[in-house]
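What follows is a single structure, written as structure tokens, with notes after it.
The values are calculated or read from the model by the stated rules, or taken from the named source; none is laboratory data. Just so you know, these numbers come straight off a predicted model, no measurement behind them. Please note: Cβ atoms are built from the backbone with ideal geometry, for glycine as well, and neighbour counts cover all protein chains shown. The area values use the complete protein model at the heavy-atom level, side chains included, leaving out ligands, DNA and RNA. Shrake-Rupley method; radii C 1.70, N 1.55, O 1.52, S 1.80 Å.
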Amino acid sequence: MHKRPGHSYIGKKEVMRSGKYLLDIQRMYDASPLNGAQNATLIELAKQQGGGTLKSVPYQPSTFIMFYNKDAFTKAGITAVPTTWDEFLADCEALEGAGVIPMNVDDAYMACLFGFLMYRVAGSDTTEAVAAGIQMITAE
């Protein structure tokens, strides 16, 4: 769990696991200046994660988007945007073969991108164990 002085972070897993012990904060949220200032979809998702009641307010939502260079795809002989992981990996190899670096990311967001990808590929238990230093990433 990520912690900074004066701040706390409760992830999806913690909200779902601890839901019966967390206070429904809907009335406090409704009376606060945050009400209406937050993305309504995020608030609804937070309610879903909280078992139907608002137990956490989404903070600093991020959307990760991939852009692609059509000219680079053409240069590599790629005629369509990949729609599966296998197609994505094949396109990365084709781009490399054409002398194009297949992927780049701003260093400020690399850790987030890696964390989200690991969460999807390895699952929440493995990702949290690695983050806590309990488990190591191996090639196996």
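At a glance:
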{"item": "Potential lengthening between Met28 and Val81 on full extension [0.36 nm per residue; Cα-Cα distance subtracted]", "result": "14.6 nm"}
{"item": "For the range 43-140, alpha-carbon Rg over 2.2 N^0.38 Å", "result": "1.42"}
{"item": "Which of Phe88, Phe67 is most accessible, then next, and so on - probe 1.4 Å", "result": "Phe67, Phe88"}
{"item": "Nearest-10 value in Å² for the accessible area of Ile25, using the 1.4 Å probe", "result": "40"}
{"item": "Neighbour net charge for Met28 - beta-carbon separation under 15 angstrom, K R +1, D E -1", "result": "+1"}
{"item": "Overall dimensions of the range 84-140 as given by Cα atoms, namely Rg and Dmax in Å", "result": "14.0, 40"}
{"item": "Sites Asp107 and Lys47 - FRET efficiency at Förster radius 41 Å, r taken between beta-carbons, to 0.05", "result": "0.75"}
{"item": "Label-point separation, Ala90 to Met136 (7 Å along Cα→Cβ), nm", "result": "3.6"}
{"item": "Formal net charge of residues neighbouring Gly77 (Cβ-Cβ distance under 14 Å; K, R +1; D, E -1)", "result": "-3"}
